[in-house]
1. At 0.36 nm per residue, minus the direct Cα-Cα distance, what do Met3 and Lys308 gain on full extension? Give it in nm, one decimal, please.
2. Kindly provide the chymotrypsin sites (Phe, Trp or Tyr not before Pro) of region 17-96 that DSSP labels as loop, not H, G, I, E or B, and whose Cβ sees at most 12 other Cβ atoms within 10 Å.
3. Mind checking which of Ile69, Val296, Ala5 is farthest towards the positive end of the chain's charge dipole, using Cβ charges of +1 (Lys, Arg) and -1 (Asp, Glu) about the Cα centre?
4. Can you show me the helix-derived [θ] at 222 nm for the chain, built from DSSP H runs with n ≥ 4 at -39,500 (n - 2.57) apiece and divided by the number of residues, rounded to the nearest 500.
5. Asn114 to Asp21: extension gain in nm, 0.36 nm per residue of separation minus the Cα-Cα distance?
6. When a/c reaches 1.5 or more, the comparison of a/b and b/c decides; with that in mind, is region 249-302 rounded, prolate or oblate per its Cα gyration tensor?
7. Figure the gain on full extension for Asp203 and Asp191 (residue separation times 0.36 nm, minus the Cα-Cα span) and round it to one decimal in nm.
8. Evaluate the charge dipole of the chain about its Cα centre and quote only its size in Debye, nearest 20, assuming +1 on the Cβ of each Lys and Arg and -1 on the Cβ of each Asp and Glu.
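The values are calculated or read from the model by the stated rules, or taken from the named source; none is laboratory data. On a predicted model such as this, the values are computed, not experimentally measured, just so you know. Heads up, the Cβs are rebuilt from the backbone with ideal geometry, glycines too, and the neighbour counts pull from every protein chain shown. Heavy atoms of the whole protein, side chains included, go into the accessibility calculation; ligands, DNA and RNA do not. Shrake-Rupley method; radii C 1.70, N 1.55, O 1.52, S 1.80 Å.
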Amino acid sequence: MNMPAQINSWVIDHYIKDKLDGSELRWVSRPMPAIESGQVLIKSCLLSIDASNLLWLSEKEDYLPQLQIGDIMRGNIIARIEYSSHPSFAEGEYILSLQGWADYMVIDGDALLNNKLTVKFKPHPNLPLDAYIGTLGITGWSAYIGMMEIGRLKAGERVLISGAAGATGIMAAQIAKAAGAKVYGLAGGADKCRFLKEIIKLDGTIDYKATENLQGAIFQLMPEGVQVFFDNVGGETLDAVLPNMCINGRIVASGSVSQYGKSEQYGIKKLPLITSKRLRMEGFLILDHLHEINEVLAVMEKWLLEGKLINKNHILYGLENAPDGLAKLISGGNIGKLAVYINS
């Protein structure tokens, strides 16, 4: 193969100061290093833009070691093995992995092999590669585990999803519908709500941006109460949902995107309702469930091929445009999974 002359990447220039201003990352090009015995060269094909990226650009503690100034930005990627001097990796193989915002990377093969955040997979010839960054990727896995294992969803139950037009929300909604639930969604904007009702076939939606009293709007939409709340937003949204929860309801704490990047966190005012309503609220990380992924991926790939799931991504093109995805993530200017095609 023709080795690239250089590796391009985005590195952290400084952390977010109160809110994202677009200057936090800077573009760096470095000469391509020599590949030593036991190393592999991976070519980044797709980069996922996630709410966790905002955490990694802050000084807040996270479930992974904090990135330092000058470090390459971290992200979930799909990559292809371009060159290998390690016996466990063959040229042309694909991996899902947590790596850097770079077009190429030279990595120690043993480190990659022992990295629990790396999964080898073989793309189905009848599915687009970007399906494995959204519907069949870590977002889809999180929605499946969160809804079915953490939420313990049963057919016929009433489910409410915040951030329902986001990457995880769309998947959680489809999985809940497939499981026979009545599913309702909170989303920002008439277009998103229309998409959720017409394409995802939700039983009802609320445009929170056009709603002055979210708590009251939820009551009108779901007067019998919420049995399972799949929460991607947190903050004031969680406060509005808590009074609408049924006794013995379950709250799946999938994320708190409304609080990411903020120096002052919103204090939940109605937390005592967890006690009086006997609610179970549980957070989870997909990292704790990666041993289940082969089974989950097989089920979801079959569902996608059968048309039970859709693959809805908001695609940007070119690594140089990756920071634009962070702004879209905050503004909510996307429907579906935000991803960047880097290399074909």
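1. 105.7 nm
2. In loop regions of region 17-96 (DSSP not H, G, I, E or B), the sparsely surrounded chymotrypsin sites (Phe, Trp or Tyr not before Pro) are Tyr63.
3. Val296
4. -6500 deg cm²/dmol
5. Values: separation 93, 0.36 × 93 = 33.48 nm, distance 3.65 nm.
Once the chain is fully extended between Asn114 and Asp21, it gains 29.8 nm.
6. Oblate, since a/c reaches 1.5 and b/c is not below a/b.
7. Roughly 2.7 nm would be gained on extension.
8. Roughly 1120 debye for the chain.
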